[in-house]
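Chemist: Provided herewith is a single structure, encoded as structure tokens, for subsequent inquiry.
The values are calculated or read from the model by the stated rules, or taken from the named source; none is laboratory data. Model, not experiment: these values are computed from the prediction. For neighbour counting, all protein chains shown are included, and Cβ atoms are generated from backbone atoms with ideal geometry for every residue, glycine included.
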């Protein structure tokens, strides 16, 4: 059997609420989870017209923005403002310093999942912005609906090898997801209740998994979870 790069472990922790700029449920970094290489930041945020995330920069990072509720606008550098409705995504690969911004497109609120992965220190070349439309295909697997976001069968691909998908359990059920002995994974519950490897998890909580070939996921009706894996 292939040796594991990590000790086998799975921990469920609640996201830490941060309201300094916009309302954010922060998963990495927090006192409970200060680091989870190669992930630099994993969070779910809510913004409205009164509380918006300002334009900000990234360097030597790959940044996923995935809208889970509302109708957002997205701007890369000084480019055109793009409409990003629910189910849309943007993947920014930034070897050099570049800026972007996500904000509500109308008067309502938006909710989005944000994931930042470190690029190798020697990364060079031009920045790259990939797009995912809300019409991107979902795959029905028995009792779970799988929506690939980044990786195989997905409209966006990572230069660092991380993958992301959304799992929805409209009528409850179970599935098995591959992780990999040399990978780390984060399972973040966006709605409902379920379990990861028989450990209970509910909306706002995340399961951190390492050193495991894969895990079983079970969900009640309406359970939804975002899964991100990366070599680490």
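Chemist: For a quick check of your reading: which strands (runs of 3 or more DSSP E) sit entirely within segment 9-77 and have at least 2 residues that are under 21 Å from residue 228 (Cα atoms) and touching a strand residue (DSSP E or B) at 6+ places or on another chain (Cβ under 8 Å)?
Modeler: In segment 9-77, 9-14, 16-18, 23-28, 39-47, 61-69 are the strands (runs of 3 or more DSSP E) which contain 2 or more residues that are under 21 Å from residue 228 (Cα atoms) and touching a strand residue (DSSP E or B) at 6+ places or on another chain (Cβ under 8 Å).
Chemist: Would you mind finding the one in 103, 88, 83, 133 that is surrounded by fewer than 13 Cβ atoms within 10 Å (Cβ to Cβ), out of contact with any helix residue (DSSP H, G or I) (no Cβ under 7 Å at 6 or more places or on another chain) and either within 24 Å of residue 188 (Cα to Cα) or assigned by TED's automatic domain parsing to the domain that holds residue 188 (or both)?
Modeler: Unique residue meeting the criteria: 133.
Chemist: Restrict the check to segment 116-128 and report whether at least one residue is crowded, with 16+ Cβ neighbours inside 10 Å, in contact (Cβ under 8 Å) with a residue 12 or more places away in the chain and closer than 16 Å to residue 72 by Cα.
Modeler: no
Chemist: Name the residue, out of 194, 161, 211, that is assigned to a loop (DSSP other than H, G, I, E, B) and either modelled with pLDDT under 95 or out of contact with any helix residue (DSSP H, G or I) (no Cβ under 6 Å at 6 or more places or on another chain) (or both).
Modeler: 161
Chemist: Would you be able to tell me the number of residues in segment 214-232 that are part of a strand (DSSP E or B) and closer than 15 Å to residue 163 by Cα?
Modeler: The qualifying residues number 8.
Chemist: Can you name the residue in segment 106-115 that is in a loop (DSSP other than H, G, I, E, B) and in contact (Cβ under 8 Å) with a residue 40 or more places away in the chain and, of all such residues, is surrounded by the most Cβ atoms within 10 Å (Cβ to Cβ)?
Modeler: Only one residue fits best here, namely 109.
Chemist: Restricting attention to segment 31-45, which residues are more than 14 Å from the chain's Cα centre (by Cα) and touching a residue at least 24 places away in the same chain (Cβ under 8 Å)?
Modeler: Hits for segment 31-45 are 33, 37.
Chemist: Name the residue, out of 169, 176, that is more than 16 Å from residue 12 (Cα to Cα), buried (at least 17 other Cβ atoms within 10 Å of the Cβ), over 16 Å from the mean Cα position of the chain (by Cα) and not assigned by TED's automatic domain parsing to the domain that holds residue 29.
Modeler: 169
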